[in-house]
1. Just to be sure before I move on: is residue 59 modelled with pLDDT of 95 or more and more than 17 Å from the chain's Cα centre (by Cα) in the structure I sent?
2. With crowded, with 16+ Cβ neighbours inside 10 Å, farther than 13 Å from residue 77 by Cβ and at pLDDT 80 or above as the only criterion, which of 141, 146 stands out?
3. Out of everything in the range 109-130 that is under 17 Å from the mean Cα position of the chain (by Cα) and surrounded by fewer than 17 Cβ atoms within 10 Å (Cβ to Cβ), what residue ends up being farthest from residue 47 (Cα to Cα)?
4. Return the pair list, or none, for Cβ contacts closer than 7 Å from residues in the range 152-165 that are farther than 14 Å from residue 111 by Cβ to residues that are surrounded by 13 or more Cβ atoms within 10 Å (Cβ to Cβ) and modelled with pLDDT of 75 or more, at least 6 apart or on different chains.
5. Take the residues of the range 196-208 that are in contact with a helix residue (DSSP H, G or I) (Cβ under 7 Å, 6 or more places away or on another chain) and crowded, with 21+ Cβ neighbours inside 10 Å: which is nearest to residue 159 (Cα to Cα)?
6. Could you please let me know if residue 209 is touching a residue at least 40 places away in the same chain (Cβ under 8 Å) and under 19 Å from residue 26 (Cβ atoms)?
């Protein structure tokens with residue numbers, strides 16, 4: 001964690017499935033250069049439930065953060081679902097602004113296929129998480145959603161198969177290689193933007209970082 005500009009809250013970054021905290025470092029570095037302090041939560045995405053990841057974050061904050069000061073949250077993929085679960089379970093924390101990157105808020109079709117074919121690929125992240133049953137987002141939370149439409153990634157085989165099987169219209173087929181754009185939408189999110197990035201590439205993409213920073217500063221994306 002680094003020293004921030006006093007008026008800017010701590011930003012906690014949460015990685016996604018199969019990743020560790022280091023993948024969030026490029027984005028964290030950009031946020032720190034803009035005056036934010038950051039903490040990259042390192043959790044075992046396959047070995048514990050979404051609720052346990054939330055508790056891990058709560059426990060860290062209890063030891064390291066003043067509850068009188070707000071925090072902002074940025075989550076990639078599964079990390080965005082951990083954010084929602086955390087907000088639901090621990091309302092005592094003051095939440096500033098939140099950004100999710102490629103998060104399947106309504107559930108992940110590619111994770112559903114993976115669970116049926118090779119269950120260990122999703123581990124404990126499916127129930128109350130990637131299955132789409134995570135706690136709803138409170139209306140007062142200022143959350144921005146970034147989605148990608150570059151369809152290259154490990155999940156594209158599942159999604160290409162699903163496109164044919166479900167006979168999806170062209171307008172519903174866009175995805176980032178793992179997550180459909182439609183899966184990223186939340187009706188009470190404050191803003192939603194689609195960028196030409198794939199699911200993993202968004203973590204090192206300059207435009208994604210710029211839009212994340214802009215939302216944390218302004219509560220909306222730069223359209």
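The values are calculated or read from the model by the stated rules, or taken from the named source; none is laboratory data. Treat the numbers as computed from the prediction; the structure is a model and nothing was measured. Here the Cβ is made from the backbone with ideal geometry for all residues, glycine too, and neighbour counts use every protein chain on show.
1. Values: modelled with pLDDT of 95 or more: yes; more than 17 Å from the chain's Cα centre (by Cα): yes.
When the stated conditions are applied, residue 59 passes them.
2. Of 141, 146, the one residue that is crowded, with 16+ Cβ neighbours inside 10 Å, farther than 13 Å from residue 77 by Cβ and at pLDDT 80 or above is 141.
3. This residue is 128.
4. Within 7 Å, the pairs are 152/177; 152/198; 163/173.
5. 197
6. It is true that residue 209 is touching a residue at least 40 places away in the same chain (Cβ under 8 Å) and under 19 Å from residue 26 (Cβ atoms).
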